[in-house]
Amino acid sequence: MKKEWWKEAFGYQIYIRSFFDGNDDGIGDLPGIIEKLEYIKKLGVDLIWICPFYESPMDDNGYDVSDFYSVSKDYGTIGDIRTLIQRAHRLNIRVVIDLVLNHTSDEHPWFKESRKSRDNPYRDYYIWQKPRYKDNVRIEPTNWASFFGGSCWEYEALTDEYYMKIFSKKMPDLNWKNPKVIDEIVKMATWWCEMGVDGFRIDAVSHLAKADFVDSTQYPDQEFKPEWGKFSNLPKLHDYLKILNERVFSKYDIVTIGEVGGNAPVKDGVNFTLPENQELDMVFNFDHNWCNNGWGAKSGSQLSTDVKRLKEVFNKWQKGLFGQGWNAIYWLNHDQPRLVSQYGDPEHYHVESAKMLATALYFMWGTPFIYNGEEIGMSNPEFKSIEDFRDVSTITQFHINVERYHQDPAEYIAAASFSSRDNARSLMQWRDAENGGFSKAKPWNIIGDFHKINVESQIHDPDSIFSFYRKIIQLRKDSPYKDVIIYGKYDQILADHPQIYGYIREYENKRILVLANLLAKPTALGNLPYRTKTIILSNYIRKQVPDIMKPFEAMVLELEEDK
Ligand code: GLC
Ligand code: CA
């Protein structure tokens, strides 16, 4: 397997708006990140991915870009981004930025032109379709749903056509069939490479290609059909990526990470990342994000980890890409709940479960990413009413579900409390002080229990979650186990065990074994046919491998060579 710097990097995702407020206006910003670079260095990671900081009306917190070449005044200036890159590089931290290619803001100059008339030169930068009529009533060009609720089409009376928007109505989809759009994107991505960024996390990349506009015949009970395959991972997408690779990515020493989410089959993961295909370096898939009943449950107490499914999807992506493409490994991001709330138990086993979750994941094969706050075990905040939410997706669906489909608002709030993206976007908990030390001004979003969970109380405590993360990062970055963790072959063991996720990594005579009890109850390990050489890491104090693993117990062992 070819060695590359990005295979050996350890990533850290920063949701800029919620990370640290450098100028005390209540909003996280670039100077805030600069101020916290030392913290990031102390954690030990050497790559940061920063969520969008471009000029934007902030309908979707910056994923709705109105100018790809400038920085939002919420976040600072172009000068700040230059400084950030410089300072990060001085600390040997690489900087990856979010590249939003599927859509722009409706306030982007291209769209402002596009919507003016049917023959505007920018009309074909976006996807416009004529209405259909049913019993003389105007209906959408297709019955497809939007990810954020309702239809994926928005009607414009001025030109009597619909534009496509698979996210919010303020985020019209770009038309990748138009070569001019591709030229613009090439120019823009090149500009950022010249600025000195070390790579891109490519937002919603699966969706660039759309199917022919034919109605979905699935989901008979739903008005708009969530058949995401109509605009996910279609063959044409690979052509677009090859063009971007040839014209931009291959010209720079950068890493490209595609967000391929939504039902991407493993074989697509291979196609995206197989080096000879010359598309992307690695992909984020979503299969492990909701292996509990998080979408169907009406209350948080109904959440429970679906161990069987979680193990299956992890194993599928590990085995499926190994030796071919490359994986990015992460638990959750800014679009999901907080990790300990999703898969751990912040109330009864906060430290144990946070450490177990880190162990289960970060010894797998692939480039690891931490979502900011995971390293201190941040949990979901407490939402009381719809006013506590900021996320456009949560709010749009609230209105549709309550007003159009008459759902009980209290029921919606209860469910959104543990599924909303605002959980992950709660403010970073720095200290047990006003606003968790995030800002001196009234912050833009909600915050979790910073009295109990915060950076300051963990950073010097050798037994803290933070220190445990540091240890794991150090094992991957600089230890005798580095190569086996980064390049070793992966094999699952105990595949049928109802609670334990176990796997072996192997590289040139070195073998390590990872065991993680995914649930809050003890479980028997049974007799394993291996001899332990060293206990590399454990979240309970252990001198040897136990017969019974405690709630959320996890261990990493070096094995004796087979005689
Ligand atoms: C991606 C982002 C998400 C955003 C969407 C539209 O899924 O992670 O936050 O809302 O794309 O840009
Ligand atoms: Ca600020």
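Please work out the average accessible area per residue across the stretch 1-105, using the 1.4 Å probe convention, and give it in Å².
31 Å²
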Revision key, fill the gap. For the stretch 489-559, the per residue accessible area (1.4 Å probe, Å²) is 48 Å²
**Study point:** Gain upon complete extension [His399, Ala157; 0.36 nm per residue less C-alpha separation]
**Key:** 84.9 nm
Revision key, fill the gap. Note on the stretch 1-139, DSSP bridge orientation, antiparallel percent to nearest 5 equals 40 percent
Review point. Looking at Ala354, Pro368, Phe389, which one has the Cα that reaches farthest to the positive end of the dipole of the stretch 286-408 (charges on Cβ: Lys, Arg +1; Asp, Glu -1)?
Key: Pro368
Exercise for review: If a/c stays under 1.5 just call it rounded; otherwise compare a/b with b/c (prolate if a/b is bigger, oblate if not). Do that for the stretch 136-223, with a ≥ b ≥ c from the square roots of the Cα gyration tensor eigenvalues.
Suggested key: prolate
Study note, to complete from the structure: Other residues with Cβ under 14 Å from the Cβ of Asn293 give, with Lys and Arg +1 and Asp and Glu -1, a net charge of +2
Exercise for review: Assign unit charges at the C-beta atoms only (+1 for Lys and Arg, -1 for Asp and Glu), then state the dipole size of the stretch 109-164 relative to its Cα centre in Debye, rounded to the nearest 20.
Suggested key: 40 debye
Point to revise | Dipole magnitude of the stretch 163-315 about its Cα centre (Cβ charges: Lys, Arg +1; Asp, Glu -1), debye to nearest 20 | key: 340 debye
Study note, to complete from the structure: For Asp212 and Glu560, extending 7 Å from Cα along the Cα-Cβ vector and measuring point to point gives, in nm, a value of 6.6 nm
Review point. Picking from Trp290, His460, Leu158, whose Cα lies most toward the positive end of the charge dipole for the chain (charges on Cβ: Lys, Arg +1; Asp, Glu -1)?
Key: His460
Exercise for review: First compute the accessible area of the chain with a 1.4 Å probe, then give the percent of it belonging to carbon and sulfur atoms.
Suggested key: 48 percent
**Study point:** Tensor-based shape of the stretch 109-164 (alpha-carbon gyration tensor, a/c under 1.5 rounded, otherwise prolate or oblate)
**Key:** oblate
Exercise for review: Starting from the Cα-Cα distance between Asp461 and Asp67, subtract it from 0.36 nm times their residue separation and give me the gain in nm to one decimal.
Suggested key: 137.5 nm
Practice item. Rank Asn277, Ile243, Gly344 by how far each Cα sits towards the positive end of the charge dipole of the chain (+1 on Lys, Arg Cβ; -1 on Asp, Glu Cβ) and give me just the farthest. Key: Asn277
Check your understanding: If you average the sequence gap of Cα pairs under 8 Å that are 6 or more apart and divide by the length of the stretch 109-164, what percent do you get for the contact order?
Key -> 31 percent
Review point. When the helices in the chain are scored as -39500 (n - 2.57) per DSSP H run of 4 or longer and the sum is shared across all residues, what 222 nm value do you end up with, to the nearest 500 deg cm²/dmol?
Key: -7500 deg cm²/dmol
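Are there trypsin sites (Lys or Arg not before Pro) in the stretch 466-551 that DSSP puts in a loop and that have at most 12 other Cβ atoms within 10 Å, and which ones?
Those that pass, being in a loop and sparsely packed, are Arg531, Lys543.
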Exercise for review: Net charge near Asp335: determine it from the other residues with C-beta under 11 Å of the C-beta of Asp335, scoring Lys and Arg +1 and Asp and Glu -1.
Suggested key: -3
Check your understanding: Between His89 and Ser479, what is the FRET efficiency for a Förster distance of 25 Å, r being their Cβ-Cβ separation, to the nearest 0.05?
Key -> 0.55
Point to revise | Charged-residue dipole, Cβ positions (Lys, Arg, Asp, Glu), the stretch 21-86 about Cα centre, Debye nearest 20 | key: 420 debye
Exercise for review: Extending each Cα 7 Å along its Cβ direction at Lys3 and Glu38, get the distance between those two points in nm, one decimal.
Suggested key: 3.3 nm
**Study point:** Neighbourhood net charge (11 Å Cβ-Cβ; Lys/Arg +1, Asp/Glu -1) for Glu4
**Key:** 0
Practice item. Could you do me a favour and compute the accessible area per residue for the stretch 109-164, 1.4 Å probe, result in Å²? Key: 50 Å²
Check your understanding: So for the chain: antiparallel DSSP bridges make up what percent, rounded to the nearest 5?
Key -> 60 percent
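The values are calculated or read from the model by the stated rules, or taken from the named source; none is laboratory data. Since the structure is predicted, the reported quantities are computational estimates derived from the model, not experimental observations. A quick note on method: Cβ atoms are made from the backbone with ideal geometry, for glycine too, and the neighbour counts reach across all protein chains shown. Keep in mind that these areas ignore ligands, DNA and RNA; they rest on the heavy atoms of the full protein, side chains included. Shrake-Rupley method; radii C 1.70, N 1.55, O 1.52, S 1.80 Å.
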